[in-house]
1. Within the range 77-99, does at least one residue satisfy the condition of being open to solvent by 100 Å² or more (accessible area, probe 1.4 Å) and either in contact with a Pro (Cβ under 9 Å, 6 or more places away or on another chain) or under 27 Å from Tyr9 (Cα atoms) (or both)?
2. For the range 1-26, how many residues are open to solvent by 90 Å² or more (accessible area, probe 1.4 Å), of a type outside the set (Lys, Arg) and under 26 Å from Asn71 (Cβ atoms)?
3. Looking for whichever is within 16 Å of Asp8 (Cβ to Cβ) and either assigned by the TED database to the domain that holds Lys3 or of a type in the set (Val, Ile, Thr) (or both) here; the options are Lys34, Lys22. Which one fits?
4. If Lys54 satisfies all but one of (1) over 21 Å from Glu79 (Cβ atoms); (2) at pLDDT 90 or above; (3) touching a strand residue (DSSP E or B) at 6+ places or on another chain (Cβ under 9 Å), what's the number of the condition it fails?
5. List the pairs whose first member sits in the range 71-82 and is at negative phi, whose second member is open to solvent by 60 Å² or more (accessible area, probe 1.4 Å) and in a loop (DSSP other than H, G, I, E, B), and whose Cβ atoms are under 7 Å apart, counting only residues at least 6 apart or on separate chains?
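The values are calculated or read from the model by the stated rules, or taken from the named source; none is laboratory data. Quick caveat, the model's predicted, so the values are computed rather than measured. For neighbour counting, all protein chains shown are included, and Cβ atoms are generated from backbone atoms with ideal geometry for every residue, glycine included. When the accessible area is computed, the model is the full protein with side chains, heavy atoms only, and any ligands, DNA or RNA have been set aside. Shrake-Rupley method; radii C 1.70, N 1.55, O 1.52, S 1.80 Å.
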Amino acid sequence: MGKRYFCDYCDRSFQDNLHNRKKHLNGVQHLRAKRVWYDLFRDAAAILQEEQTKKPCRKFLQTGQCDFGSNCRFSHMTEQDLEKLSAQVQGESSNKKMSR
């Protein structure tokens, strides 16, 4: 059977050889899963700035669901979500100022 490679980002495994690994690591699905993983560790200010530049997702606003999920290029945040995120950013910046 040979060695198998397990990708933590994609939560899948495949036979480990140079061709398979290279194909997987350059694949769209892997790159998206990797981006989603690293987005979990971004600060609130960066997320807020990015979300404010995106247009709202029409399908998400109408139905509450989107076929693209976290890979959608449009924003799935409501006005309330953006307000909460903005308040979180302001709270973090005031905490930084107080700790100095």
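1. no
2. Residues meeting the conditions: 5.
3. It is Lys34.
4. (1)
5. Within 7 Å, the pairs are Phe74/Lys55; Ser75/Lys55.
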